[in-house]
Amino acid sequence: MKFVRFLKDQDPTWGHVQGESVFCLAAAPYESLSYTGESLPLRDCALLAPCEPTKIVCVGKNYYDHAVEMGDGIPDHPILFLKGPNTLNHPCGVITAPDFVTRVDYEGELAVVIRRRAKNVKADQARDYILGYTCFNDVTARTVQQEDGQWTRSKSMDTFGPCGPWVTDEVDPGDLSLVTRLNGRVVQQSRTSRFMRAVPELVEFITASMTLEPGDLIATGTPAGIGPMGDGDRVEVEIEGIGVLSNPVSLPRIKRP
């Protein structure tokens, strides 16, 4: 199934997408589906990020080529960091940054949306806790990351978590094509089969340390090819079977590379 969140009469509303129509839901689809009886064309929906996370758990260096690109070696276990809910951005939302930021990078990723509370989940049970999958851009203030020596501030600025356009359970996360484009030019291209740790392993590793709540996001890591964005750019993250996340970039103090 494919789910969206959108504005209906200025109120955030959940919907079930079937073809080119959206069937309105009375509540989030985490445990069950309750339809209102209303529907509308998908093209008329102002889409919001398709989840409401209490936290965004990100996996660093989950592709070998990106670990090499970053120059810090291959980690012997998943490297985790958090982005706050304040970073969440809509499928067409504008990516911005404070004036002191001098470089902002794209990082295209597959994201997992959690369906129900998850603690100490074993890998072979992980699917029962997942609502579905969506596209994510782990936007990063790269120079701030380098200056700080850790990732919190550089990863957690407002608008730095574009997500969407919807969440779907109709894909197998084990081998999906992921492509990131900057102004139409391919800058990242890989497959999720190249993960160091697959989605079920990540769910087991994360929930051994922290409880995940319905709507929480796991961003599974980015492949090689990260790079800077500038004012007026458009960045797209496309994942096979899911769709395209497309965001304009407004960084008046940062010119196009």
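The values are calculated or read from the model by the stated rules, or taken from the named source; none is laboratory data. These figures come from a predicted structure and were not determined experimentally. As a convention, Cβ positions derive from the backbone with ideal geometry for all residues, glycine included, and neighbour counts pool all protein chains shown.
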Original post:
Which members of segment 141-155 meet the condition of being without any contact (Cβ under 8 Å) to a residue 40 or more places away in the chain and among the hydroxyl-bearing types (Ser, Thr, Tyr)?
Top reply: SER154
**OP:** State all residues of segment 134-143 that are β-branched (Val, Ile, Thr), in contact with a Lys or Arg (Cβ under 7 Å, 6 or more places away or on another chain) and more than 17 Å from GLY84 (Cα to Cα); if no residue qualifies, say none.
**Re:** THR143
**OP:** With respect to ASP216, determine if the residue is at pLDDT 95 or above, acidic (Asp, Glu) and closer than 17 Å to ASP65 by Cα.
**Re:** no
Original post:
Of all residues in segment 67-92, how many are farther than 20 Å from LEU212 by Cα and touching a Leu at 6+ places or on another chain (Cβ under 9 Å)?
Top reply: 3
Original post:
Between residues in segment 14-36 that are farther than 20 Å from GLU213 by Cα and assigned by TED's automatic domain parsing to the domain that holds GLY132 and residues that are at pLDDT below 95 and part of a loop (DSSP other than H, G, I, E, B), which pairs lie under 7 Å by C-beta distance while being six or more apart or on different chains?
Top reply: none
**OP:** Being surrounded by 13 or more Cβ atoms within 10 Å (Cβ to Cβ) and closer than 18 Å to PRO53 by Cβ is the filter here, so list the residues in segment 1-12 that pass it.
**Re:** PHE3, VAL4, ARG5, PHE6
Original post:
Just one of CYS51, CYS58, CYS135 is in a loop (DSSP other than H, G, I, E, B) and at pLDDT 95 or above; which is it?
Top reply: CYS51
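A quick yes/no check of all residues on (1) crowded, with 18+ Cβ neighbours inside 10 Å; (2) assigned to a strand (DSSP E or B):
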| site | (1), (2) |
| --- | --- |
| LEU202 | yes, no |
| PHE205 | no, no |
| SER209 | no, no |
| ASP231 | no, no |
| ASN247 | yes, yes |
| LYS255 | no, no |
Original post:
Can you spot a residue in segment 189-196 that is part of a strand (DSSP E or B), touching a residue at least 12 places away in the same chain (Cβ under 8 Å) and aromatic (Phe, Trp, Tyr)?
Top reply: yes
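Which of the residues belonging to segment 79-132 are part of a loop (DSSP other than H, G, I, E, B), closer than 17 Å to GLN145 by Cα and touching an Asp or Glu at 6+ places or on another chain (Cβ under 8 Å)?
Correct list: THR96, GLU107.
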Original post:
Which one of ASN120, ASN137 is on the phi < 0 side of the Ramachandran plot and touching a residue at least 60 places away in the same chain (Cβ under 8 Å)?
Top reply: ASN137
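Going through segment 138-159 one residue at a time, which ones are of a type outside the set (Phe, Trp, Tyr), part of a loop (DSSP other than H, G, I, E, B) and farther than 13 Å from ALA97 by Cα?
Those that are of a type outside the set (Phe, Trp, Tyr), part of a loop (DSSP other than H, G, I, E, B) and farther than 13 Å from ALA97 by Cα: ASP138, GLY149, GLN150.
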Original post:
Which of the residues spanning segment 15-30 are under 22 Å from ILE114 (Cα atoms) and in contact with a Pro (Cβ under 8 Å, 6 or more places away or on another chain)?
Top reply: HIS16, VAL22, ALA28, TYR30
**OP:** Filter segment 37-76 down to the residues that are charged (D, E, K, R), free of Cβ contacts under 8 Å to residues at least 60 places away in the same chain and in the same structural domain as HIS90 (by TED's automatic domain parsing), then identify the one that is surrounded by the most Cβ atoms within 10 Å (Cβ to Cβ).
**Re:** ASP72
Original post:
Can you name the residue in segment 211-224 that is touching a helix residue (DSSP H, G or I) at 6+ places or on another chain (Cβ under 8 Å) and part of a loop (DSSP other than H, G, I, E, B) and, of all such residues, is surrounded by the fewest Cβ atoms within 10 Å (Cβ to Cβ)?
Top reply: ALA224
Subject >> Cβ-Cβ under 6 Å pairs, at least 6 apart or on other chains, segment 197-211 side in contact (Cβ under 8 Å) with a residue 60 or more places away in the chain, far side in a helix (DSSP H, G or I) and not aromatic (Phe, Trp, Tyr) >> reply: PRO200/ALA123; PRO200/ALA126; GLU201/ALA123; VAL203/ALA126; GLU204/ALA123
